[in-house]
Amino acid sequence: NMAPTLTCGKCNQIILERADLEVMFYCKDGRNVHIAVKPEREIFVRKNALMVFVNVATINDGGDQKPKIAKTFAKSEDVMCKNCRNFIGAVGPWGPDTHGTSQSIVTFGRDMISLCGVPPIKKTHSKKAPKFPDIVASQVEWHELERRDNQSFFSLVQNEDGNGEMKPCQIVPLVPSVPLVLPQQNNSMGEMVHNFGWFTAGELSVQKDDGSDRNVEHSSSSDLCSITKTVPRNYQVKAFCEVLLRNMIVVMPTGTGKTLLAALLIKKMKMLNPEHMGLFVVDRIPLVFQQADYL
């Protein structure tokens, strides 16, 4: 059997080594079939696949200074082979319609890639030529690739036993049934309880809501080393104590440890709430990977 790879149709560079895990055939309306990245695998593919995502579809072809500009078709990004910079796909609103808008998905041009050993399939407008849905159904090499439609687009996940079968995913409620444990809260007797746990060494003066000072215990360097590889500075420890005591916005210059502070808070809240999930929000895709690597 041919390896389930996805390769560039121009230079034969392997883009995805396990196309059977990353790629699906998505049929949106019963007629159009897309070769698309599975939505649950998009972050992994963007980070690890040998392809480049670009917002402006231009290529400088050697000595030719006139760029080749591809048609947009409402797409937001072009996908290029990392080796030869040939266009192999695009990112656009071709997924299921939700709340009046279409889900953005990563798709590959059937005439730009080789999939599971099947060479690129040229597009034709001839009425006698087989339609792509019929080609998908007839290609033996593609029988192992998953098919999804609007109903199953987000609802299938791989079985944990790794046997290749798919099962409906479990929808996690937005509001967990387990109550949230806060670093500081009232107990059943109405008394204020500190859940700082490993804050054991010394005291640190922080401000109350009314502007007056109060002393709270803070951790030693050895205590903090148990949850982070970086030893926080004194001002970072003080900021950490503040965010444990109340909701607040932390304003700090670039490079002074805002991400470390967020990581400490997420770690502490996870220790107090093992059944809950933390959410780190950023405003740009590159920051997703940057902060994920740090965390």
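The values are calculated or read from the model by the stated rules, or taken from the named source; none is laboratory data. Source: prediction; values computed, not measured. Note that each Cβ is placed from the backbone with ideal geometry, even for glycine, and that neighbours are counted across all protein chains shown. Heavy atoms of the whole protein, side chains included, go into the accessibility calculation; ligands, DNA and RNA do not. Shrake-Rupley method; radii C 1.70, N 1.55, O 1.52, S 1.80 Å.
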Open item on the list: I'd like to verify a number: residues in region 263-281 that are touching a helix residue (DSSP H, G or I) at 6+ places or on another chain (Cβ under 8 Å) and in a helix (DSSP H, G or I), how many?
Closed with: 4
TODO: Being open to solvent by less than 50 Å² (accessible area, probe 1.4 Å) and assigned to a loop (DSSP other than H, G, I, E, B) is the filter; apply it to region 84-103 and report the residue that is farthest from Val54 (Cα to Cα).
DONE: Pro96
TODO: Could you run through region 228-246 and say how many residues are open to solvent by 90 Å² or more (accessible area, probe 1.4 Å) and under 27 Å from the mean Cα position of the chain (by Cα)?
DONE: 1
TODO: Output the qualifying pairs, or none if there are none: Cβ atoms under 6 angstrom, residues six or more apart or on different chains, first residue in region 276-293 and open to solvent by less than 100 Å² (accessible area, probe 1.4 Å), second residue assigned to a loop (DSSP other than H, G, I, E, B) and at pLDDT below 80.
DONE: His276/Pro176
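The rows are residues; the columns are (1) without any contact (Cβ under 8 Å) to a residue 40 or more places away in the chain; (2) charged (D, E, K, R).
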residue	(1), (2)
Cys11	no, no
Ile14	yes, no
Arg31	no, yes
Lys47	no, yes
Task: Qualifying residues in region 249-268 (those that are hydrophobic (A, V, I, L, M, F, W, C) and in contact (Cβ under 8 Å) with a residue 12 or more places away in the chain) - the one surrounded by the most Cβ atoms within 10 Å (Cβ to Cβ) - done: Leu264
